[in-house]
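Inspection log for the structure reproduced underneath, given as structure tokens.
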Amino acid sequence: MDEETILMEDAKREVELVSERVALLHLSYAKMLTEEFGESRGKELVLKAIKYYGRCIGEKRRDEIEEMGMEPVPHNFGKGDVLRIPRFGMHSGLEDTGPSVKLHGCVMGKLWRAFGEEDLGKLYCYVDPAKYMGFNPDYIQVHEKAMPAGHGYCEFVVRPSTREEKEIFLSKNKDFSTIDPCLK
């Protein structure tokens, strides 16, 4: 077999391993921050970091889309070599119906559940609204369902953002946990 070729099952396992490590890294930081600063302040700091992380992802994606000569609107987010959600390794199945995406068997959600830490784990999921608003503050991706919030799968929908959601996203001091009610 050519060294440049990797079997799909091996590729899936490698992405799954990275997803598990990111989930553990997030959980480790969230756990230490809540232990060091108390639950309320620790979660606030985690959310600030996740919002910054998501904003960086969204702004980078916006720049890539604009370099391709396209507008930063939702139907262009996944153009080129970037998908809304990776095709394999982060989940066991994906249903993209256009207005919503259902993700079954989220590797990160399963790991947080196994550790009994869904509450801290789901703070990572705020990356989804933050990355879309970093891409274009006129739009937000929210969870209709989320495994760490107790559902059997995750479901995302992209919709226009409200004035209040934009204010929360653009503010350094407003409570970011209110931006995605499913995760609250």
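Conditions tested, residue by residue: (1) without any contact (Cβ under 8 Å) to a residue 40 or more places away in the chain; (2) β-branched (Val, Ile, Thr); (3) buried (at least 20 other Cβ atoms within 10 Å of the Cβ).
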site: 143; (1), (2), (3): no, no, yes
site: 147; (1), (2), (3): no, no, yes
site: 177; (1), (2), (3): no, no, no
site: 181; (1), (2), (3): yes, no, no
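Annotation: residue 72 fulfils all but one of (1) more than 30 Å from residue 174 (Cβ to Cβ); (2) modelled with pLDDT of 95 or more; (3) outside any helix (DSSP H, G or I); the unmet one is (1). From the list 4, 36, 20, the lone residue that is acidic (Asp, Glu) and under 30 Å from residue 76 (Cα atoms) is 20. Within region 14-50, the set of residues being surrounded by fewer than 13 Cβ atoms within 10 Å (Cβ to Cβ) and either of a type in the set (Lys, Arg) or touching a helix residue (DSSP H, G or I) at 6+ places or on another chain (Cβ under 6 Å) (or both) comprises 21, 41.
Number of residues in region 83-127 that are charged (D, E, K, R) and outside any helix (DSSP H, G or I): the value is 6.
Mind checking whether some residue in region 61-81 is hydrophobic (A, V, I, L, M, F, W, C), more than 15 Å from the chain's Cα centre (by Cα) and crowded, with 17+ Cβ neighbours inside 10 Å? Checking region 61-81: at least one residue is hydrophobic (A, V, I, L, M, F, W, C), more than 15 Å from the chain's Cα centre (by Cα) and crowded, with 17+ Cβ neighbours inside 10 Å.
The values are calculated or read from the model by the stated rules, or taken from the named source; none is laboratory data. Predicted model, so just to flag it, every value in this text is computed and none were measured. Virtual Cβ from ideal backbone geometry, glycine too; neighbours counted across all protein chains shown.
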